[in-house]
1. Looking at (1) surrounded by fewer than 18 Cβ atoms within 10 Å (Cβ to Cβ); (2) over 30 Å from residue 480 (Cβ atoms); (3) in contact (Cβ under 8 Å) with a residue 24 or more places away in the chain, find the lone condition where residue 29 falls short.
2. Run down 389, 385, 409 and say which single residue is of a type in the set (Phe, Trp, Tyr) and either over 28 Å from residue 348 (Cα atoms) or open to solvent by 20 Å² or more (accessible area, probe 1.4 Å) (or both).
3. When you check residue 342 against the structure, is it of a type in the set (Lys, Arg), under 22 Å from residue 615 (Cβ atoms) and touching a residue at least 12 places away in the same chain (Cβ under 8 Å), yes or no?
4. Open to solvent by less than 40 Å² (accessible area, probe 1.4 Å), over 30 Å from residue 165 (Cβ atoms) and either at pLDDT 80 or above or in a helix (DSSP H, G or I) (or both): does that describe residue 84?
5. Across the stretch 250-277, what is the number of residues that are crowded, with 20+ Cβ neighbours inside 10 Å and within 23 Å of the chain's Cα centre (by Cα)?
6. Regarding the stretch 458-465, can at least one residue be identified that is in contact with a Gly (Cβ under 8 Å, 6 or more places away or on another chain) and either of a type in the set (Asp, Glu) or surrounded by fewer than 24 Cβ atoms within 10 Å (Cβ to Cβ) (or both)?
7. Pairs please, first residue from the stretch 357-378 and open to solvent by 40 Å² or more (accessible area, probe 1.4 Å), second anywhere and β-branched (Val, Ile, Thr), Cβ atoms under 6 Å, 6+ apart in sequence or on different chains.
8. Is it the case, given these coordinates, that residue 521 is among the hydrophobic types (A, V, I, L, M, F, W, C), in contact with a strand residue (DSSP E or B) (Cβ under 8 Å, 6 or more places away or on another chain), within 19 Å of residue 277 (Cβ to Cβ) and at pLDDT 95 or above?
Amino acid sequence: MVKNKNFSLFFKANLLLTIVIFLLFLQYNNNYKLVDFFLTFLGAISTATLIYGLLYLLLFVFKFTGKFGLYLSGFIFVLINLSLLVDFFIYKLFKFHINGMVLNLLTSPDALDSIQAGMTPVIVFIMLIIAFIALEYLLIKRILGTENDQKFRLNSRLNKVMIVPLFVLFLGDKVAYGFSSLFAKKTILTKFKVIPLYQPFTFNSFVGKNFNYKPKAIVKNTIELNASIKYPLSPIEMSNNPQKFNIFIFASDSVSLSALDEKGAPRLEAFKQESITLNNHHSGGNATRFGIFSLMYGLNSAYWFSFLDANKGTVLFDVLKQLKYNIQIVSSTNTNWPEFIKTCYVKIQDSVKDDFVGLPWEKDKQSSDYFKSWVEKQHSTEPLFSFVFLDAPHGYSFPKTTNPFEASFDEVNYLTIKAGSDALRNVKKQYKNAVYYNDKLFGEMIDKLKEKDLYDDALIIFTSDHGQEFFEFGYIGHNTNFSSAQTHVPMLIKLPQSLKNTVNFPTKGRTNSLEMLTSHVDIVPTLLTLIGVKNPASDYSNGKNIFDNSYSREQVVSASWTKNAIITDDLVYVFSNTPDKLFNNEIRERKSYKLDESAVNNSQKVLRVMKENRRFLK
């Protein structure tokens, strides 16, 4: 009986601690109304209660084992509370909870190749581990050292003030959420997204069947992550006289279009004069794997999961191999993470060079040198394809000898950085230096192509996988929203001389500057059409040939780990990839990225995208 009381007291003490941690998340919502705050408050307590209710059932058998049961439970409570605090800091920085990306990061041996983190978060995490272990130990010692009569009285009081009230709160939360969902109270429902592991409860179907009430429709994503692939839809057919021009694509990680100007990227500014500039171009994702996937496949990034599961390569390389292209991939980041070696490069693994070492800027230097040496060796008549991926802007990395924006080399503490701070201004200077350094390397690679007489008759592209935000819209970095800072990227295309007089395209203003909406998914169908693929783009892509006279777009699609976005000239429609997050649907103004409460949710627009996201699945 005493062992039972020890366990019960220990369990309740940890439940109260976990409830406090859950309530900390509520600060991340803005503009609470009284009802919003009250219901979100209930939701936080309800979620903690549900977790501990399940834990109680799992640990029930150990409650009679004395100290062993207490220490085992204490270990589990430490893991839970540490996970919640890690999630707390992740949400503080990026406005999302621990998700597939974070789990992928923690389980991938090559993940750290793409991530640069200072020592401060590591030290903080170690201190938290020590603090939680010490707290659990002291709690156990205190409970074991308390007189039995006192334990019985305390446990009895806690039962009265906790068990029934928490059960009522739990029921109240689920009923309140159910009615909010039934009447589509989006301003309330969206507040719940700050609560980790929140389990929504709706009774829309029950009300519809029994009371003939039809709630407002919320579009549901039906993509199957493990679905089989049917890609391309029809066998690829080539023209009898394909155009085998050289193709060189250069991408620099995390470069927003706004980062390019004459001071920050002089070589790219010069390259613009000989290129077609797509001024309204968007990546297919706000993170590397999704942006590069859309660029290399011409498919919406929601397909990433299915193609990774199937290890399915891209039609682009199928065609290039058929035409005997000499293919070379040069990547400053390891292609095991993100898993490009299992997706777009799966059939050309011997053509991938990605084992560079050092800081990001050092690896970029090695990458550009490798590309130049590869170009130097080319003497055959085979057409060339190369994709060079540089990484320095992602980690704000640059050599001390290249510091035009006079940034300090202070370590960045992402736990405390905020808008308007000196630290943020310095980080932005570091970022600009990194962009400037990559611009210098880009210029050197272009010079090598000119030196080898490979420039004039080549199709050359410069772009990025995604942008980078510095609190322009409330966030820092990328993979957090679909604002212009994170999806609006450069796209410069220099055509080969042989095509300049034969390619027609719609223009507004200067012939080398296009203002129409374009997307990464348009690049593969554009390249393959120029080469001589006869199939319509719809056989193998969600994109279109940019240089077709009939080209037009009302929208582009971008994606992340858990969400899709439809970006139009005026609005951004954000909807979830997962059925349990239907309340995350949002409509935002494109320029400000603020919620547009007056906009009407266009379910047909979202449904069309959902169909596009299933077209290449069996």
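1. Failing condition for residue 29: (2).
2. None of the others qualify; the one that does is 409.
3. Values: of a type in the set (Lys, Arg): yes; under 22 Å from residue 615 (Cβ atoms): no; touching a residue at least 12 places away in the same chain (Cβ under 8 Å): yes.
No.
4. Values: open to solvent by less than 40 Å² (accessible area, probe 1.4 Å): yes; over 30 Å from residue 165 (Cβ atoms): no; either at pLDDT 80 or above or in a helix (DSSP H, G or I) (or both): yes.
Considered against the rule, which asks whether it is open to solvent by less than 40 Å² (accessible area, probe 1.4 Å), over 30 Å from residue 165 (Cβ atoms) and either at pLDDT 80 or above or in a helix (DSSP H, G or I) (or both), residue 84 comes out as no.
5. So the count comes out to 10.
6. Within the stretch 458-465, one or more residues are in contact with a Gly (Cβ under 8 Å, 6 or more places away or on another chain) and either of a type in the set (Asp, Glu) or surrounded by fewer than 24 Cβ atoms within 10 Å (Cβ to Cβ) (or both).
7. 370/330
8. When the stated conditions are applied, residue 521 passes them.
The values are calculated or read from the model by the stated rules, or taken from the named source; none is laboratory data. It should be emphasised that the depicted structure is a prediction, and the values quoted were computed from it without experimental measurement. So basically every Cβ, Gly included, is an ideal-geometry build from the backbone, and we count neighbours across all protein chains shown. SASA here: full protein model, heavy atoms, side chains in, ligands and nucleic acids out. Shrake-Rupley method; radii C 1.70, N 1.55, O 1.52, S 1.80 Å.
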